[in-house]
Amino acid sequence: MEGESTTQASTPAGAVFLSYASQDAEAAARICDALRVAGIEVWFDQSELRGGDAWDQKIRKQIKTCALFLPLISKHTHDRAEGYFRLEWKLAVDRSHLIMANKAFLVPVVINETVDDDENVPEKFREVQWTRLPAGETPPEFVTRIQQLLSGESPQSPTLARGPAAAPSEKSSRLKPAWLGVIVALAAVAAYVLVQKPWITKPAPPLAFNPPPHSIAVLPFVNMSGDASQQYFSDGLTEELLNSLSRINELQVAARTSSFSFQGEHPDIATVAHKLNVASVLEGSVRRSGHTIRVTAQLNNGLTGFNLWSQTYDRDLGDVLKLQTEIAAAVAGALKITLLGDVAERIELGGTRSPAAFDAYLRGSKAFSSTHDVSSLQSAITEYTEAIRLDPGYALAFAGRSLARSGYATEFATGPAIREFFDKAQADAREALKLAPELAEGHLALASYLNRGALDFTHANEAYERAVVLAPGNADVLADSGRFAVTMGRFDAGLAAGRRAVALDPLGPRSRYLLGQALYLARRDKEAVAAFGEVISLERDNKGAYGLRGLAYYGLDDFENARSSCETKRDYWASQWCLAVTNDKLGQHADAEAMLKRLQTTYGDAAPVEYATIYAQWGNTAKALEWLTTAMRLRNQDLVYVKIDPLLDPLRKEPRFQAIERALRFPD
């Protein structure tokens, strides 16, 4: 169990209290993640240091004020040994006696095969419906039920819940997946029949349309300039407006990649709202003429499509920052949001009032958000450099150039150029923070450098955490920080952040890709296979997804599917890496060696950690350790994966490997 990173200090109004035995922490985390992704506040303690007067007082307060109490019932809670959860259960039972009988408070959840009449389960729990969520796998129906209970509605999905006295036979609770379709069909024909079935481990289907009230998507503003070359400007201005809105903590804003997936489609508002699960949609147009712009913006209700607010602005380019603030404030007003603090200060942080610098920055952002190939990163660096030349105080441009340089160093640079680009990335990140200490993008840029360029994982962790605090609704910040947390072994916190990023960016392949990678590294291979499959469905030519999906299949010992996935894009390095280990398992060592040779010919000493994993899987411990030693000498950026990479497991008991791990000084 991890420390205090996801522990809330107090229970917000309407929150859910999750009570569990320490052995069930992983299942509890899955339920917590699913509820938080839907915008439900959850008090989920992950501290090992339970007990004591201060702690007892804190727990009593949480249970006294929470809206729902979810006790997780398992074989561990059936044990007669005492656990702190028993005090939580007693406090909840005591409170339930004070609540009106028609008000739901206790929502018991069974997470494995248990004896329903076990004497260790409080009698009060038996008086209400139970829900069975094996291993904590949480389907949308359960989330909807919790939302309904919190809103005071009668739950509409009784098939998830049952009372202990109506328990099905042991056989019926172990139904094979092939029977699930039959059960669903029977339930549709005879809805009055209460059906109990386990929820098998598989990617959850998209959530039903149930958007948070203050959620919004920003569609790409239409370029009305009559000049196709100005598309970057309307796209860039849209992205800046989106970023402005995301800095308002009271708003939940769909990520850029999801919103921009509708570009050129002219979808109706209801379609956008349902696909992105948002309550409102902002659309508009941009007409640019020299140094003046006309921006028309319109806010629509996502359910009805009705217009909530619209306005036309004529501005000089130098007033774009002020314009962003005006539109954001108007949107918040239309949604009846009370803004806290100086909104203009938050929205305009790190920006510029130079029209030429802003123009160059938008061109850089357009290049950076495209394919992330060599040419796009080089173009981004060039345009950000021009923006900085025109306005040396442009913090966002420094942060953007830092991220582009770190990306280039990680993906494309070789030899001395790797260190050169990382050093420049560090300088840019620190300059951005010098200019704007509260700029989330600056902290993200510094974290990226510290993580991959400096292998300073302790300070990288601090930078990621600061970025999340400053931009809790930024999908990129959440996805990157989540993957990093997983590489440090903090699986629960990392996966929660990754899933939150996907909720904000449901149609964006990058967030799902990083979540898939995090799931693979967390050894959740079935879920990783599903996540990479979703990436491929969104972006058919995503080469990395095929290779990493192959490695997830490899983790499942499904070597035929691993090879099939990696053969799809065998020209890509991740697929070659996968084939080097998979072909060996299939008895085709010559083909495996050919793949390794191909990697080494292309990348030389730039991929020593990957070579080490291949040799480790082949059983050549000496060669694997030799390459890890080379990686340490070169300070290779992929050493970040040493702590948890499954492919390095054969080396973990080796003294030389343990010495390398200690030298990397991973945070506890």
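Per-structure values
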{"item": "Alpha-carbon Rg/Rh ratio, for the stretch 231-310, with Rh computed the Kirkwood way", "result": "0.96"}
{"item": "Order of Ser229, Ser96, Ser406 - criterion: other Cβ atoms within 10 Å of each residue's Cβ, fewest first", "result": "Ser229, Ser96, Ser406"}
{"item": "Mean Cβ count within 10 Å, highest first, over the residues of peptides 650-660, 619-629, 441-451", "result": "441-451, 619-629, 650-660"}
{"item": "Full-stretch length increase - Ser285, Gln263 - with 0.36 nm per residue and alpha-carbon distance subtracted", "result": "6.7 nm"}
{"item": "Potential extension, Lys58-Asp571 segment - 0.36 nm per residue separation minus Cα distance", "result": "179.1 nm"}
{"item": "Whole-angstrom gap from the stretch 626-668 to the stretch 525-601, using each part's C-alpha centre", "result": "23"}
{"item": "Cross-link table Lys64/Lys124; Lys75/Lys124; Lys424/Lys623; Lys569/Lys597, entries beyond 24 Å C-alpha to C-alpha", "result": "Lys424/Lys623"}
{"item": "Per-pair calculated FRET efficiency, R0 = 41 Å: Lys653 and Tyr603 via Cβ, rounded to 0.05", "result": "0.90"}
{"item": "Point-to-point label distance, Glu593-Arg419, nm (Cα→Cβ direction, 7 Å offset)", "result": "3.4"}
{"item": "Gained length - Glu626 relative to Asn307, 0.36 nm times residue gap less alpha-carbon distance", "result": "108.4 nm"}
{"item": "Estimated FRET transfer efficiency (Lys322, Ala356; beta-carbon r; R0 25 Å; 0.05)", "result": "0.90"}
{"item": "Longest to shortest principal axis, alpha-carbon extents of the stretch 215-348, angstrom", "result": "37, 37, 24"}
{"item": "Residues Leu18, Leu282, Leu664 arranged by fewest to most Cβ contacts within 10 Å", "result": "Leu664, Leu18, Leu282"}
{"item": "Diffusion constant of the stretch 307-400 at 4 °C, which comes from Stokes-Einstein with the Kirkwood Cα-pair radius and 1.567 mPa s, µm²/s", "result": "88"}
{"item": "C-alpha center-to-center spacing [the stretch 444-522, the stretch 377-436] in angstrom", "result": "20"}
{"item": "Diffusion coefficient, µm² s⁻¹, Stokes-Einstein with Kirkwood Rh over alpha-carbon pairs of the stretch 512-552 at 20 °C and 1.002 mPa s", "result": "229"}
{"item": "For peptides 249-256, 508-515, sequence by mean Cβ density within 10 Å, most packed first", "result": "508-515, 249-256"}
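Every read-out reported here was derived from the displayed coordinates using simple, explicitly stated rules and does not represent laboratory data. Keep in mind that this is a model prediction, so the values were computed, not measured. Cβ coordinates were reconstructed from backbone atoms using ideal geometry, including for glycine residues, and neighbour counts include every protein chain displayed.
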